[in-house]
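Everything on this sheet refers to the single structure shown next.
The values are calculated or read from the model by the stated rules, or taken from the named source; none is laboratory data. What you are looking at is a predicted structure, and each value in this text was computed from that prediction instead of being measured. All Cβ positions, glycine included, derive from the backbone under ideal geometry; neighbour counts span all protein chains shown.
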Amino acid sequence: MANGLAMMRRRGRMTGQDATRALSSLAFMPIEPDSETWPRAWTDTSSLAEAHRLTVYDAAYLELALRRGLPMATLDKELRGAADACGVPVA
């Protein structure tokens, strides 16, 4: 989330104040870390990154969606293509 907000700020899609507000609001959401993501970083996630020419953090997002059978939401062209190739629905 922080990276996405930083990119939006750099591209002029939001102000620094808006990004700070958005990050602050995340502290109040019931977000739970996925305990399997870290151990898979050296295996499944790295393989997805290499196979689809993704950043490791984008590949982690894809790996989680694959493993949990969940759809993804992204506007990133490369990540969308990798998700399509892996059969992950993209909103």
Worksheet item: Counting only residues that are within 23 Å of Met72 (Cα to Cα) and exposed (fewer than 12 other Cβ atoms within 10 Å of the Cβ), how many does the range 1-23 have?
Response: 5
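For the range 23-37, give me each residue that is in a helix (DSSP H, G or I) and within 14 Å of the chain's Cα centre (by Cα).
Going residue by residue through the range 23-37, those that are in a helix (DSSP H, G or I) are 23-26, 37.
The one that is in a helix (DSSP H, G or I) and within 14 Å of the chain's Cα centre (by Cα): Thr37.
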Worksheet item: Does the range 36-46 contain at least one residue that is surrounded by 13 or more Cβ atoms within 10 Å (Cβ to Cβ) and not assigned by TED's automatic domain parsing to the domain that holds Arg68?
Response: no
